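Only one structure is covered here, and it is reproduced in the block below.
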Amino acid sequence: MGDYPSMDDAQLMQAYAGGNADAFEVLYGRHKRALLQYMINSCGSESIASEMFQDVWLRVVNGRDTYQPQSPFNAWLFRIARHRLIDHYRTQGRAPKMENIDDENQKNIFQLALSPLTPEQLASINQRENELYNALQQLPDVQREAILLRHIAGMSIAEIAMVVETGTETIKSRLRYAISKLRTLLEVLT
Amino acid sequence: MSNKSDANYELNDRDIAALFDGQKISVPESLDDIILAASRQVQTVTPPPKTSLNKYSPWFAIAAVLVLAVIIGPLVLNAPTSEFQESRRLKNQEININEKMLISQDISMESDEEAAESVDMTPTAKISPDKAPALMALTSPGVKAASRSPLPSSVVSLVPQPLNDNELEYRKMPESWLRTINNLVAAKQLSKAQAEYDLFRKNHPNYRTNFVRPEQ
């Protein structure tokens, strides 16, 4: 493998585009779990997520020459994944939509968000992963997308804005709504 | 991996993060194999990057064909064909002359040889003119093909054979060589006849003949 493990993502991708297949293996190992988790939590189906996961990596392979090292590889990868998800939504006859929440609802949600879950509640949720999937599926697509990129892909607000191609304030707003609603849903589920 | 140290603390929900961290998700090995195999496959089948020459190679090829067609086309259509036709015409003309001359030369040589064999090898006798029609008749394919010809073998050997492209053939027998030299003389190709005669004498220094070296 050489020095590939010590390289950053952009260097690895450039090395792969230059003909070094081992660089891709390192890159793939770094991001495969996060990407699959993102896909599963986005669509709620492991089999569909696996299929899309494979598609995304093949698009990375085939588009290796189009990668711009100036932008983070993580953002590029998840942008591809996002487009694949949008294709999936379209084949299902629906498009990603942004839910409008009025100020009153927002206030109530934030009230709920201020009360943390107990350890017992968390343990219970861990035992029932499907409930997390169910709660995520009840979020608007753009909010779910924001929270998944934040917590699974580990992106900053700016990186999420780059992937989603929108402003940072919009991302913050989506995250606030998503966290509040998710907490509400999980409390209800538990 | 995570950059959660920004000031948006209200967006860093530890409980939510813990939920995601607790998810037991692992990528199946079969998926790993498929994706890694695909990543290696494209590396092995990827064509070399296009250089500027490769990029425009179809245009270079077309231009090269056009240039060659313009340059070589007229040469092929005009010059070589006309030279070839001219050489063929001259050759046929020469063959016709040779065939006519051979008959008369052969007749005189036959008489010389017969005289040399019968008396004292001195060429004195001349063939009678009435023999000529018989020799002329021998040139016909039907007579030539007949191996049971009533004529003596020496006469049959003197029947003129059509010249072919293989000029070395006539040098195999002294008689045919001399006939060819006679033909050259008749065709006014004296320098060539001299050269042939010199070569003949070199190969057959003791061959008896009344043939004299052609002079300019």
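Read-outs throughout are calculated quantities, based only on the coordinates presented, and are distinct from any laboratory measurement. Predicted, not measured: the structure shown is a model, and the values here were computed from it. Positions of Cβ are backbone-derived with ideal geometry, glycine not excepted, and every protein chain shown enters the neighbour counts.
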Problem - Label-point separation, A:Thr170 to B:Arg201 (7 Å along Cα→Cβ), nm - result: 11.2 nm
Fill in the blank from the handout: Most packed first (mean Cβ within 10 Å per residue), the peptides A:6-13, A:158-165 order as A:158-165, A:6-13
Exercise for the section: Once you've got the Cα coordinates, tell me which of A:Lys32/A:Lys172; A:Lys32/A:Lys181; B:Lys91/B:Lys202; B:Lys91/B:Lys188 are over 23 Å apart. Expected result: A:Lys32/A:Lys172; A:Lys32/A:Lys181; B:Lys91/B:Lys202
Handout entry: Two-site FRET efficiency, A:Ile86 against B:Thr44, from Cβ-Cβ distance with R₀ of 25 Å, rounded to 0.05
Key = 0.20
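If packing is taken as the average number of other Cβ atoms within 10 Å across a peptide's residues, how do A:44-53, B:205-214, B:18-27, A:76-85 rank, most packed first?
Final packing ranking: A:76-85, A:44-53, B:18-27, B:205-214.
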Fill in the blank from the handout: Note, the stretch A:70-78: 3J(HN,Hα) by Karplus (6.51, -1.76, 1.60, θ = phi - 60°), whole Hz, Gly/Pro = x, goes 5, 9, x, 4, 4, 5, 5, 4, 6
Fill in the blank from the handout: Rounded to one decimal in nm, the spacing of the 7 Å Cα→Cβ label points at A:Glu46 and B:Met173 is 10.2 nm
Problem - Size of electric dipole in the stretch B:173-216: Cβ of Lys, Arg +1 and of Asp, Glu -1, about Cα centre, debye, nearest 20 - result: 20 debye
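Let's test the formula: R0 of 35 Å, r as the Cβ-Cβ distance of B:Leu68 and B:Arg89. What FRET efficiency results, to the nearest 0.05?
Numbers: r = 31 Å, r/R0 = 0.87.
Working from the Cβ atoms, E equals 0.70.
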Practice task
For an R0 of 35 angstrom, estimate the FRET efficiency from the Cβ-Cβ distance between B:Asn78 and B:Ala187 and round to the nearest 0.05.
Solution key: 0.75
